[in-house]
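The values are calculated or read from the model by the stated rules, or taken from the named source; none is laboratory data. Computed from a predicted structure; not experimentally measured. Here Cβ is always computed from backbone atoms with ideal geometry, including for glycine, and neighbour counts include all displayed protein chains. Accessible surface is based on the protein model in full, side chains and every heavy atom, while ligands, DNA and RNA are left aside. Shrake-Rupley method; radii C 1.70, N 1.55, O 1.52, S 1.80 Å.
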Amino acid sequence: MGLIESSKVYSGRELETIFFRPTFTGQSAQDLGIRVLYNMPMPTTIHLWSPASNVLKPYQTGWQGGESAVKEQKTIDMKKVKAETAFSASDYFSMVFELITNRADVNMEDLTGTELEAAETELFKKAIAESIRMTMWLGDTDSDTPFNTFDGILKSAMAAANDAAHTGATLVGNVDDIALVLESLWSGANEELKALKADGQLAYFVTSNLYNEYEKYLDSKDLDVTYRERVDGRNDLYYHGIPVIDMCISSGIREFAEYPARICMLTDRRNLVLAVNTADFPGTEVRMWYNPDEMENRQRAVFLAGADIIDPKLVAMAFEP
């Protein structure tokens, strides 16, 4: 048990390659369902280019070029955040030891410091990733909830919906009406949003209760394929070719947040952004150590994070008043 008491600090390149890049790039980023920017230069600014339309001209000599492409900018507000956990030495060792024993390739007769360090690191990585994911959706710096480290996507979406005095369809409890909610968002969306369907990046982001209601709605259809799906299960849900994605935020809404319990949002995945930075601010690090005075294993991470909607006009939203 003494091996787990050695301290470890990740910073610089090691912090990026071991802790954050595997969590927020590649398949891990795709699993979040939105656009993830990692270690973009500070301040994190996204450039939006709108190509000039109708560029074709009758041929003649000389320059006939018209206006150049229109460029818009969106700066993601990044906040310095800190994650800390502490466990009693015995409980902490049991948690890390379980991660090790669940692996088939581990020789239990020779547990090296590297094995323990990898398990300890994995435990903390999962805690950080889940905390960022929940705050990405529910974050509100003006609230007293645990999700007040940076503003999240739903805060921007709700503000845009209220400013426009438009809440889309009214969500109701009847299972048969969930398809009407999805259809209402599509039919009520502006033409600019609908035109993005061809890119294959549109998605319905819904709370778990609506996700479950839509699955029950599909189960209610008397079709052979529906019976097979009821028995075998479904990997993904779609409505007219558009994925329906469970935001998995019900526990946070129920216990801490002040958002409606039932939310449905149609937008382009690329329009929702999570930005994480571990390179451009002094003091960013991950530290794990043993405190002999309190007999605790402690972990701390310091980094920058932020989330936002690039263009609120490309969001169609419905929520229960």
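Some points to look at:
- Area accessible to solvent at E14, 1.4 Å probe radius, in Å²: 70
- Label-to-label distance, A83 versus V9, with points set 7 angstrom from Cα along the beta-carbon direction: 2.0 nm.
- Above-threshold pairs, the threshold being 26 Å between Cα atoms, out of K126/K216; K79/K126; K125/K197: K126/K216; K125/K197
- For a modelled paramagnetic label at Q201, 7 Å from Cα along Cα-to-Cβ, the residues of the range 261-295 in reach, with backbone nitrogen under 20 Å, are 265-276.
- FRET efficiency for N190 and Q60, using Cβ-Cβ distance with R0 set to 30 Å, rounded to 0.05: 0.20
- At full extension, K74 and L180 could sit 34.8 nm farther apart than now, given 0.36 nm per residue minus the alpha carbon distance.
- A Förster distance of 30 Å, applied to the separation of the beta-carbon atoms of E320 and M42, puts the FRET efficiency at 0.20.
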